[in-house]
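Trainee: Here it is, the structure in full.
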Amino acid sequence: MTTTPAINDTLPKLYCPSLTTYQRRETVTVHIGDTPLGSDYPIRIQSMTTVDTMDTEGSVQEVLRMVDAGCEYVRITAPSVKEAQNLDNIRKKLRSMGIQVPLVADIHFTPNAAELAARIVEKIRINPGNYADKKRFENIEYTDDSYQAELDRIREKFTPLVKICKEYGTAMRIGTNHGSLSDRIMSRYGDTPLGMVESALEFLRICEDLHFHNIVLSMKSSNTQVMVEAYRLLVQRMAGEGMRPYPLHLGVTEAGEADDGRIKSAVGIGTLLEDGLGDTIRVSLTEPPENEIPVARTLVQRYTHRTPHAAIEPVDTLPIDPFQYTRRHTRETYNIGGTNVPRVIADYSKIEITDRADLKPIGHFYLPLPDKWRMNDLGSDFIYTGKRPCPFMLPNGLKEILDYPEWRTTEDKVNRFPLIESTGWSEDMELSPVLNFIAGDIHSFTETFLLSVKDIPTVILWLRSNNRHAMPEMRRLFFRLLNLGINLPVIVQRSYADNLGDEFPLYSATDVGGLLIDGLGDGVVLSPEYQTEDKSARLKAAENFNNVAFGILQAARTRMSKTEFISCPSCGRTLFDLQETTAMIRKHTEHLKGLKIGIMGCIVNGPGEMADADYGYVGMGKDKIALYRGQNVVKRSVPSARAVDELIQLIREDGRWTDPEENPEV
Ligand code: SF4
């Protein structure tokens with residue numbers, strides 16, 4: 001028997017050039033057609049076609065739309081030799097039209113298709129979890145010798161492809177997916193970031209031995225925590241083994257659609273980009289591939305003007321484990337910190353509340369007839385009203401935060417708490433016996449200040465940043481707290497113009513998600529900077545900000561407040577209309593708070609890729625669906641007309657079904 005290697009042995013925990021100064025990680029250049037990849041070049045944007053690869057005209061038209069939108073590499077699935085062969089027709093047609101975009105063949109299970117495609121297209125993507133292995137879901141005990149024998153077998157199967165890539169100048173992505181690790185890796189390392197990294201390194205070592213270096217790597221997962229940890233660990237391990245710094249392709253798999261898909265992608269991809277990791281990105285949405293491009297571009301463009309930024313005190317040692325999620329230990333204060341889920345605070349400081357209906361955008365509904373308040377799953381926990389106290393009694397679950405001068409003059413000090421500027425703090429000021437928020441930034445929260453408030457049991461820090469490199473500056477403050485052994489809970493506040501459009505969910509998900517992913521932050525305030533005087537427009541923005549705050553917490557896996565849909569982006573293997581089906585399943589199940597439902601286009605990769613879903617809806621043939629409970633198939637060949645009902649029935653049988661609320665407003 002062998003032992004499983006530990007993550008943190010002798011290697012340092014640092015995984016990027018700097019945790020405090022924005023800087024791209026230096027990489028080698030990978031040559032992919034006429035579009036080189038690596039740190040000497042801009043971060044590239046890519047996507048994948050969804051039409052059948054055998055449909056040459058349809059594929060060409062889709063590629064044209066993608067290129068028009070700004071896609072720099074186009075990936076096309078090649079499930080078998082015939083599709084690999086047809087890449088030649090697609091490529092020739094594109095080239096005859098003057099379209100030079102590099103094509104990437106996506107390979108699972110089929111070395112013969114890979115070896116053919118590597119002679120045709122500019123890049124091959126292989127999945128190390130299934131290139132030389134078939135998944136049997138077996139847990140096998142390996143000795144060092146039997147494990148080595150497996151590695152020898154992989155080398156034998158993989159070497160011909162590497163030689164072809166060398167000969168034809170074809171690039172390769174070794175793309176690990178969390179959900180499709182081989183039985184060998186699962187048996188030895190488990191379903192872990194370390195297993196994902198080792199899965200790629202087994203193949204990378206072979207490439208290095210064969211002096212093949214035109215390589216990109218990826219570590220995708222639909223779990224953003226796992227995804228971020230795996231990329232970081234990959235960088236650390238490659239450096240530790242003295243390998244070349246190969247570029248990274250970033251992506252969150254099966255992110256879903258609409259705002260949820262965008263937020264989830266930003267939490268995973270954005271967190272890594274902040275630390276200078278990532279040379280090409282793909283945002284996987286269950287939408288037409290051209291929709292992915294502007295999202296990717298928005299994420300990437302943010303870093304073109306990141307420097308210069310205000311200096312942040314450097315970090316010598318890392319007080320967190322960047323390879324394993326642990327929530328920062330904080331003292332529970334009222335309902336914040338400790339084991340409480342991170343709280344959402346709605347910022348109404350610039351909205352004049354006059355009517356109970358004004359709270360509807362933040363999930364609190366007043367029903368006049370029974371004279372009762374109801375709250376939906378996205379009901380904020382606190383409302384910050386600044387200088388304008390709410391003129392009526394708030395619902396039970398909602399507490400109010402006022403600026404300190406206003407709080408002092410208020411009578412109700414049971415349901416209202418003060419926000420005190422750290423610059424105005426004094427030891428003998430009147431405090432709430434329950435909760436006192438102290439607002440400041442890394443400059444005002446000095447070591448001396450923090451030590452002076454750390455033992456006041458009602459204090460919560462309210463952290464802001466004006467730095468262009470905001471997330472790392474805020475993270476630096478958390479490191480200060482950790483180094484000082486201070487366990488005060490911290491609320492993270494960020495402000496964004498209310499007219500940012502699509503940039504807002506992506507930026508806020510990066511800024512706040514980047515902290516939550518490392519277990520930092522006990523609450524979030526997203527504050528709109530209004531560009532409008534119109535109250536109804538302000539309320540609409542407040543609703544958007546509230547929804548995005550909950551979305552970020554969910555995407556970072558720190559607070560589940562709605563059903564999570566893990567849907568694949570679809571590709572040439574897809575066996576039904578994924579967008580329509582996802583919308584239909586969402587309609588019936590979106591009230592099932594906390595449940596994870598996978599919706600996958602094919603049975604070849606779907607079950608693996610939906611990873612930790614509670615239930616799965618997977619295409620298994622024309623008009624045939626397989627339903628999964630976790631990783632186990634429980635119903636096969638269900639006609640698609642009945643499949644949603646059967647899925648609901650399955651959830652009912654497990655006692656996890658609740659009927660949707662009858663009141664349509666709630
Ligand atoms: S799960 Fe979806 S995206 Fe992945 S191979 Fe199957 S159909 Fe394509």
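The values are calculated or read from the model by the stated rules, or taken from the named source; none is laboratory data. Note that the coordinates shown come from a computational prediction; the quantities given were computed from them, not determined experimentally. In this analysis, Cβ positions are derived from the backbone assuming ideal geometry, glycine residues included, and neighbour counts consider all displayed protein chains.
Trainee: Grab the strands (runs of 3 or more DSSP E) fully contained in the range 581-666, keeping just those with 3 or more residues being within 16 Å of the ligand (Cβ to nearest atom).
Mentor: Fully inside the range 581-666 and qualifying: 596-600, 615-621, 624-629.
Trainee: So if I check each of 59, 39, 47, which one is away from the ligand (no atom under 16 Å from the Cβ), modelled with pLDDT of 95 or more and not basic (Lys, Arg)?
Mentor: Just a single option satisfies the conditions, and that option is 39.
Trainee: Condition check: in a helix (DSSP H, G or I), more than 16 Å from the ligand (Cβ to nearest atom), at pLDDT 90 or above and more than 25 Å from residue 322 (Cα to Cα). Does residue 509 satisfy that?
Mentor: Working: in a helix (DSSP H, G or I): yes; more than 16 Å from the ligand (Cβ to nearest atom): yes; at pLDDT 90 or above: yes; more than 25 Å from residue 322 (Cα to Cα): no.
Taking the combined requirement at face value, the residue does not satisfy it.
Trainee: Regarding residue 127, is this residue among the polar types (S, T, N, Q), away from the ligand (no atom under 16 Å from the Cβ) and touching a residue at least 24 places away in the same chain (Cβ under 8 Å)?
Mentor: Considered against the rule, which asks whether it is among the polar types (S, T, N, Q), away from the ligand (no atom under 16 Å from the Cβ) and touching a residue at least 24 places away in the same chain (Cβ under 8 Å), residue 127 comes out as no.
Trainee: Now for a different question. Quick one: is residue 416 of a type in the set (D, E, K, R), within 30 Å of residue 317 (Cβ to Cβ) and at pLDDT 95 or above?
Mentor: no
Trainee: Further question: For the range 163-184, indicate whether the set of residues that are surrounded by fewer than 17 Cβ atoms within 10 Å (Cβ to Cβ), over 29 Å from residue 322 (Cα atoms) and touching a helix residue (DSSP H, G or I) at 6+ places or on another chain (Cβ under 6 Å) is non-empty.
Mentor: The answer is no, given that none of the residues of the range 163-184 is surrounded by fewer than 17 Cβ atoms within 10 Å (Cβ to Cβ), over 29 Å from residue 322 (Cα atoms) and touching a helix residue (DSSP H, G or I) at 6+ places or on another chain (Cβ under 6 Å).
Trainee: Taking the range 61-113 as the region of interest, how many residues are in a helix (DSSP H, G or I) and in contact (Cβ under 8 Å) with a residue 12 or more places away in the chain?
Mentor: Final tally of qualifying residues: 24.
Trainee: Turning to a different aspect of this structure: Any residue in the range 28-45 that is within 10 Å of residue 279 (Cβ to Cβ) sitting within a Cβ distance under 8 Å of a residue that is modelled with pLDDT under 95? List the pairs, counting only those 6 or more apart or interchain.
Mentor: Here the result reads 42/304, each pair linking the range 28-45 to a residue that is modelled with pLDDT under 95.
Trainee: Next question, about the same structure. So, of the residues in the range 571-613 that are surrounded by fewer than 21 Cβ atoms within 10 Å (Cβ to Cβ), in contact with a strand residue (DSSP E or B) (Cβ under 9 Å, 6 or more places away or on another chain) and of a type in the set (Asp, Glu), which turns out to be nearest to residue 180 (Cα to Cα)?
Mentor: Step by step, filter the range 571-613, then rank; the result is 612.
Trainee: While we're on this one: Taking the range 619-654, which residues are among the aliphatic types (A, V, I, L, M), under 30 Å from the mean Cα position of the chain (by Cα) and either loosely packed, with under 14 Cβ neighbours inside 10 Å or farther than 17 Å from residue 595 by Cα (or both)?
Mentor: Those that are among the aliphatic types (A, V, I, L, M), under 30 Å from the mean Cα position of the chain (by Cα) and either loosely packed, with under 14 Cβ neighbours inside 10 Å or farther than 17 Å from residue 595 by Cα (or both): 620, 625, 626, 633, 634, 643.
Trainee: Give, as residue ranges, the strands (runs of 3 or more DSSP E) completely inside the range 301-401 that count at least 1 residues that are under 25 Å from residue 548 (Cα atoms) and either touching a Pro at 6+ places or on another chain (Cβ under 9 Å) or of a type in the set (Asp, Glu) (or both).
Mentor: It comes to 343-347, 364-367, 372-375.
Trainee: Here is a list of conditions, (1) closer than 19 Å to residue 652 by Cα; (2) away from the ligand (no atom under 16 Å from the Cβ); (3) in contact with a Ser or Thr (Cβ under 7 Å, 6 or more places away or on another chain), and residue 565 meets all of them except one; can you say which number that is?
Mentor: With respect to (1) closer than 19 Å to residue 652 by Cα; (2) away from the ligand (no atom under 16 Å from the Cβ); (3) in contact with a Ser or Thr (Cβ under 7 Å, 6 or more places away or on another chain), residue 565 is out only on (2).
Trainee: If you don't mind, there's one more thing I want to ask. When you check residue 566 against the structure, is it assigned to a strand (DSSP E or B) and either closer than 25 Å to residue 75 by Cβ or out of contact with any Asp or Glu (no Cβ under 6 Å at 6 or more places or on another chain) (or both), yes or no?
Mentor: The answer is yes for residue 566.
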